[in-house]
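Notes to accompany the following structure.
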Amino acid sequence: MKKIGVFVCHCGRNISATVNINKVVEEIKKYPGVVFCTDYQYMCSDPGQDLIKKNIKDKKLDGIVIAACSPSLHELTFRNTAEKAGLNPYLTEIANIREQCSWVHSDIKEATPKAISIIESIIEKAKLNESLSPVKVKVNPKALVIGGGIAGIQASLDIANSGHKVILIEKSPSIGGHMAQLSETFPTLDCSQCILTPKMVEVFQHENINLYVYSELEEISGSVGNFKIKIRRKASYVDNSKCTGCGVCSEKCPVSVDSEFDEGMGKRKAIYTPFPQAVPNKPVIDKENCTYFLKDGKCGVCQVVCTLNAIDFKQKDEIIEEEVGAVVVATGYELYPMKNMLEYGAGEYPDVINGLQFERLLSASGPTQGEIHRPSDNKIPKRIAFISCVGSRDPEHHLPYCSKICCMYMVKHALLYKEHVPDGEAIVFSIDIRTSGKDYEEFLTRAKEEGNILYIRGKPARIIKQGNDLVVWCINTLTGKQLRVKCDMVVLSMSMVPSSGALDLAKALRIHTNDFGFFTEAHPKLRPVESLVPGFYLAGTAQGPKDIPDTVSQASGAAAKVLTLFSSDEISHSPIIASVDEDLCSGCGICITTCPYDAREMDERKKIVSVNEILCEGCGACISACPSGASQQKNLTDIQIDNMISVLLRSNAKALEREC
Amino acid sequence: MKDKKNLTTEINPEIRDILIEMGAEDIYKCYQCGKCTSACPWFQVEIYDYPVFKFSLETALGAVASSEDKKELDKEIELIYRCVGCEACLEQCPHGISTPNILRAARRLLVDFDSYPETLKSIVQKTHNVGNPFGEHRENRADWAKGLNVPDFQQGIEYLYFPCCLPAYETRNQKVAQATVGILQKCEVSFGILGVKETCCGEVIRRIGAENIFEEVTKANIKEFKDSGVKKVLVTSPHCFTTFKNEYPDFGADFEVLHTTQYFSHLIDTGKLKLNKSFDKKVVYHDPCTLGRKNNIYEEPRNILKNIPGLEFLEVENFNRNLSLCCGAGSGGLWLEWEKDERIVNVRLKQLMDTGADIIAVACPYCLQMFEETLKSMDVDIIVMDISEIIFECL
Ligand SMILES: Cc1cc2nc3c(=O)[nH]c(=O)nc-3n(C[C@H](O)[C@H](O)[C@H](O)COP(=O)(O)OP(=O)(O)OC[C@H]3O[C@@H](n4cnc5c(N)ncnc54)[C@H](O)[C@@H]3O)c2cc1C
Ligand code: SF4
Ligand code: SF4
């Protein structure tokens, strides 16, 4: 029989005010198996820990129970204490008599017997605990970054610059993300491309970064430190080893479709690079629109004009297998679809456009070379309405959250419009203009003072198309007056939503998202760049709406977390995991389907199942699923749980008789 | 002090709490965006400013009608009774605030103090006394059905057909009830009517704010339905529909309700209602607020019309389905007179006529009445018909 020692903490008055400590010690001393019991003011203090260490040695204890606060606070502290005294740390148990007892009771007569019961049940657990040692896992110091927007770019560069390998995958033909589409950026109005392109090129040329564009994650298995991944590289039908990016193919291609990069404001060919500064600067063939694929080998003009023979219609998707130790999710955002806004024309009025479309019109390298022409008839719009909070802050019909950046880009748009069309009139319709960022309010003030922009407080209910004009119906809530404002064009500040495919990705990675599909951080304040699942880190707008400065900060934060992981060769993993009793296992395999971490494998020769100790997270799902009782959680076996429950029931009955 | 105008509104928590109790619980959700105000039909009556966005805030102060000046007070009461309950505001409010419910709370208070428009007082009285808002005799309630062989409802009959007050008494609307009966008979549907035992559903008096009388009427109707063994009710009026379906259950009702457009659309889809004759007209459909916005019935009426041979179906551009404009008759509006250039119905009729339609199809007795009465004074060719009448012509 084990020799158990019990140490009861007062936690100042936190415990002792509601639990009669003397009574507890007196009762526990009598409990079978307990060879020593004492109490102390603050067990976690140095003298408290010394008391524990001394008694482990003196009394030759081979199991201890600390009756104190929640194990989430000091389990680790006390395990370390035990280890210092030569006791295996996993022989230490915590009986939580604070959160689960003293704090939730006011009557000492009720709390004291309950504390005794809790301690007794934990003693039962301690009696059958075994010495364990942590599972050591080697860390593969290579990172996967998903998404090549500014978030993914920054995270990749930070990790790569500290000497670690990075695999960066981007689903579109070029990295850059939405930042590449922007004209000038608030609050400083520097040209977006000018500050972004050098970083894109740096990624491309970095010896530590392996870039896969036009690629997506196909499969992932494993856990922190050791993931196995498969990447699907979509066929681009261009042999990049031959292509020099001269662009003749795109020039000659007869098919023209709406450009995704220009948000439908301009055209691209079926063989295309999304924009001139694309990285890598190699075209891809969009199979859906290519005549060669649509009409069984007809056309092929690109193949004819390419003197380097780089066009390869036979190219197939490629699956690339890789191994990494950590994953950064940086899949970014999209805009809420305008088709959801029935009252604003449901995306069907050509001159009602969203913010990104307006960015493309403003951009010097955009489809109109930075001149503002409205889509319907190319006319220069002389009055533009900018409407804020479209889709955002509307819990009833759309999205409850504030998208954070729309106010700022709206103000920027109005200001830039006035710069492009000085005799034009910019009218901003908003509920309030939120400028929570460094230098943002100053930017707004400047825009107000210099821009000659009309600000109207009110959310329009309708945009009505009348011939070539658009009429915005609104009321000015400050004056109470009705407004029917005739405009040439309307720009809707649509809210940010996660990029399409974020939910599927979350499922594949087995990490969480919130109700709207933004990836959820481990703690909203203290762990904003980690996912709850070890090994996954979050960067940029994939986690929630934000501007470029916040995106970049978060990306660097995520990179720092990855580097912390990579700073040691090994990480240890709790040994409180599942095990299989080979004699009892019938090989039914139910646990294999139950395990959410792929930690179960069938040994085909023995016809029984084994546990991959590295992958097992100790969630216990397999243990309750196993019909033969072969699956057991280490140090939390069925027998231990049974004993704990019996004691609780028994001592509850006893407590009724006890005088406390 | 008394004759000086008091410019300060004091917060009156007592009135506010009473209003919240009476159904204005949404007031604190309002963030003053004003979207409701340009969504409201009164916005489309261009000469008139209707401050919908203020109602939440002012109610929260307990100051919906707060003036001490009689004339001012009358104006405030008028504002409270302008609302036609069309829910165009609710349809767009980002916080799902029901301004008509807030105003209904204010109306309840005004009714309790007997300070509401005289015309409306009279219809509340009449409904209370004789079971219909027109003060018509109870024993004439089934006159519309004379000679049509319509059985009285009794145990074993499947549907109770409930035409309600306008189709029961008003000559133009009676044709709708008669057409409905014709269709039901043609399709051999088992149905009957309550006849002289029928009483108004109470919708309009509830919207006016006469909550107590509404409750009385409702309880009596529920008892009558229960005693007669009614399980399924077929209604012509969306107003009966919404009251029976969404409000009666709070008072213990337990029966199924179908609007005629739902039922006829179903009969067409299952081949039981055959439309043989061609109807070679251009028809525009006007969505009744109570059928559409309030009960999401947009497709069935359209399905019927699109199935009619020869009929060319038109929509009002920009103002159809959930963005449709009210006829102006709801929540007592049918009985209130506004200046000629201050009427919602004129705006709506213009939208409908601009489509170039020959016929305006409606699915609500209030809309029918409102349009017919207004068209009388206009020199135009357009005709208003209930969908049931169009079907009846095509049998
Ligand atoms: C109209 C408008 C104007 C703006 N103006 C400014 C401004 O002036 N100043 C400012 O600070 N901010 C501005 N912003 C905000 C700015 O765009 C964002 O903060 C920034 O671009 C976010 O970068 P990101 O990397 O998180 O996301 P993104 O730019 O969206 O990048 C995500 C990348 O991931 C890729 N991806 C997505 N899913 C996958 C997948 N499953 N696999 C592989 N790759 C995937 C995407 O293709 C994309 O390239 C503006 C935003 C808008 C809408
Ligand atoms: S739309 Fe809703 S939130 Fe906006 S002002 Fe009207 S009631 Fe208030
Ligand atoms: S219910 Fe209709 S009439 Fe009443 S305030 Fe709302 S939109 Fe205006």
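The values are calculated or read from the model by the stated rules, or taken from the named source; none is laboratory data. What you are looking at is a predicted structure, and each value in this text was computed from that prediction instead of being measured. Here the Cβ is made from the backbone with ideal geometry for all residues, glycine too, and neighbour counts use every protein chain on show. The protein model used for the area step is the full one, side chains on, heavy atoms only, and it has no ligands, DNA or RNA in it. Shrake-Rupley method; radii C 1.70, N 1.55, O 1.52, S 1.80 Å.
A few comments on the model shown:
- Filter result (touching a residue at least 12 places away in the same chain (Cβ under 8 Å), surrounded by fewer than 19 Cβ atoms within 10 Å (Cβ to Cβ) and not in a loop (DSSP other than H, G, I, E, B)) within region A:612-635: A:Ala621, A:Ala625
- Scope region B:357-395; condition crowded, with 24+ Cβ neighbours inside 10 Å, more than 16 Å from the chain's Cα centre (by Cα) and part of a helix (DSSP H, G or I); matching residues: B:Ile387, B:Ser388, B:Ile391
- Condition check for A:Ile463: modelled with pLDDT of 95 or more and touching a helix residue (DSSP H, G or I) at 6+ places or on another chain (Cβ under 7 Å): yes
- Residue selected from region A:72-122 under the condition within 20 Å of A:Pro575 (Cα to Cα) and β-branched (Val, Ile, Thr), by the criterion surrounded by the fewest Cβ atoms within 10 Å (Cβ to Cβ): A:Thr77
- Output for region B:199-221, where each listed residue is among the hydrophobic types (A, V, I, L, M, F, W, C) and open to solvent by 10 Å² or more (accessible area, probe 1.4 Å): B:Ile213, B:Val217, B:Ala220
- Residue match in region A:353-371 (condition: within 33 Å of the chain's Cα centre (by Cα) and without any contact (Cβ under 8 Å) to a residue 24 or more places away in the chain): no
- The residues in region A:322-337 that are part of a loop (DSSP other than H, G, I, E, B) and of a type in the set (Ser, Thr, Tyr) can be counted, and the count is 2.
- Where strands (runs of 3 or more DSSP E) sit wholly within region A:148-267, those with at least 3 residues that are within 11 Å of ligand 1 (Cβ to nearest atom) and open to solvent by 20 Å² or more (accessible area, probe 1.4 Å) occupy A:215-223.
- One residue stands out among those in region B:96-110 that are out of contact with any Gly (no Cβ under 7 Å at 6 or more places or on another chain) and on the phi < 0 side of the Ramachandran plot: the one that is nearest to the other protein chains (Cβ to nearest Cβ), which is B:Ile97.
- For region B:309-331, the count of residues that are within 21 Å of A:Ala346 (Cα to Cα) and away from every other protein chain (no Cβ under 14 Å) is nonzero.
- Screening region B:78-118 for residues that are open to solvent by less than 20 Å² (accessible area, probe 1.4 Å), more than 15 Å from ligand 2 (Cβ to nearest atom) and hydrophobic (A, V, I, L, M, F, W, C) and picking the one that is modelled with the highest pLDDT gives B:Val84.
Here's the yes/no breakdown for (1) within 14 Å of chain A (Cβ to nearest Cβ); (2) under 27 Å from A:Arg484 (Cα atoms); (3) among the aliphatic types (A, V, I, L, M); (4) open to solvent by 60 Å² or more (accessible area, probe 1.4 Å):
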residue	(1), (2), (3), (4)
B:Cys33	yes, yes, no, no
B:Ser38	yes, yes, no, no
B:Gln44	yes, yes, no, no
B:Pro51	yes, yes, no, no
B:Ala65	no, no, yes, no
B:Lys70	no, no, no, yes
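- Looking across region A:135-147, the residues that are more than 24 Å from A:Asp262 (Cα to Cα) and either in contact with a Ser or Thr (Cβ under 6 Å, 6 or more places away or on another chain) or more than 15 Å from ligand 1 (Cβ to nearest atom) (or both) come down to A:Val135, A:Lys136, A:Val137, A:Lys138, A:Val139, A:Asn140, A:Pro141, A:Lys142, A:Val145.
- Sub-9 Å Cβ pairs linking a first residue in region A:545-570 that is more than 30 Å from A:Gly391 (Cα to Cα) to a second residue that is polar (S, T, N, Q) and outside any helix (DSSP H, G or I), at least 6 apart or interchain, are A:Ala559/A:Ser162; A:Leu563/A:Ser162; A:Phe566/A:Asn140; A:Phe566/A:Ser162, ordered by first then second residue.
Let's see how each residue does on (1) open to solvent by 30 Å² or more (accessible area, probe 1.4 Å); (2) in a loop (DSSP other than H, G, I, E, B):
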position: B:Phe264; (1), (2): no, no
position: B:Asp287; (1), (2): no, yes
position: B:Pro309; (1), (2): yes, yes
position: B:Glu317; (1), (2): yes, yes
position: B:Ser331; (1), (2): no, no
position: B:Asp341; (1), (2): yes, no
position: B:Asn346; (1), (2): yes, no
position: B:Leu352; (1), (2): no, no
position: B:Thr355; (1), (2): yes, yes
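- Segments classed as helices (runs of 4 or more DSSP H), wholly inside region A:26-137, with at least 2 members that are free of Cβ contacts under 8 Å to residues at least 12 places away in the same chain and assigned by TED's automatic domain parsing to the domain that holds A:Leu648: A:46-58, A:71-84
- Scanning region A:384-404 for residues that are in contact with a strand residue (DSSP E or B) (Cβ under 7 Å, 6 or more places away or on another chain) and away from chain B (no Cβ under 14 Å) yields A:Ile384, A:Phe386.
- Identity of the residue in region A:348-368, under 25 Å from A:Lys269 (Cβ atoms) and part of a loop (DSSP other than H, G, I, E, B), that ends up most open to solvent (accessible area, probe 1.4 Å): A:Ala364
- Failed item in (1) assigned by TED's automatic domain parsing to the domain that holds A:Pro187; (2) of a type outside the set (A, V, I, L, M, F, W, C); (3) out of contact with any Ser or Thr (no Cβ under 9 Å at 6 or more places or on another chain), with A:Asn514 passing the rest: (3)
- Search result, residues across region B:11-31 that are under 27 Å from the mean Cα position of the chain (by Cα) and more than 10 Å from every other protein chain (Cβ to nearest Cβ): B:Ile18, B:Leu19, B:Ile20, B:Glu21, B:Met22, B:Gly23, B:Ala24, B:Glu25, B:Asp26, B:Ile27, B:Cys30
- Filter result (part of a loop (DSSP other than H, G, I, E, B) and among the hydroxyl-bearing types (Ser, Thr, Tyr)) within region A:513-530: A:Thr520
- Per the listing A:Pro381, A:Pro375, the residue uniquely more than 14 Å from chain B (Cβ to nearest Cβ), open to solvent by less than 10 Å² (accessible area, probe 1.4 Å), under 16 Å from A:Val421 (Cβ atoms) and out of contact with any Ser or Thr (no Cβ under 6 Å at 6 or more places or on another chain) is A:Pro381.
- Boolean, B:Val196 is touching a residue at least 12 places away in the same chain (Cβ under 8 Å), surrounded by fewer than 19 Cβ atoms within 10 Å (Cβ to Cβ), in a helix (DSSP H, G or I) and of a type in the set (A, V, I, L, M, F, W, C): yes
- Some residue of region A:430-447 being free of Cβ contacts under 8 Å to residues at least 40 places away in the same chain, open to solvent by less than 50 Å² (accessible area, probe 1.4 Å), more than 14 Å from chain B (Cβ to nearest Cβ) and over 32 Å from the mean Cα position of the chain (by Cα): yes
- If you filter region A:473-505 down to residues that are at the interface with chain B (Cβ under 9 Å from one of its Cβ atoms) and aliphatic (A, V, I, L, M), you find that the one that is least open to solvent (accessible area, probe 1.4 Å) is A:Ile475.
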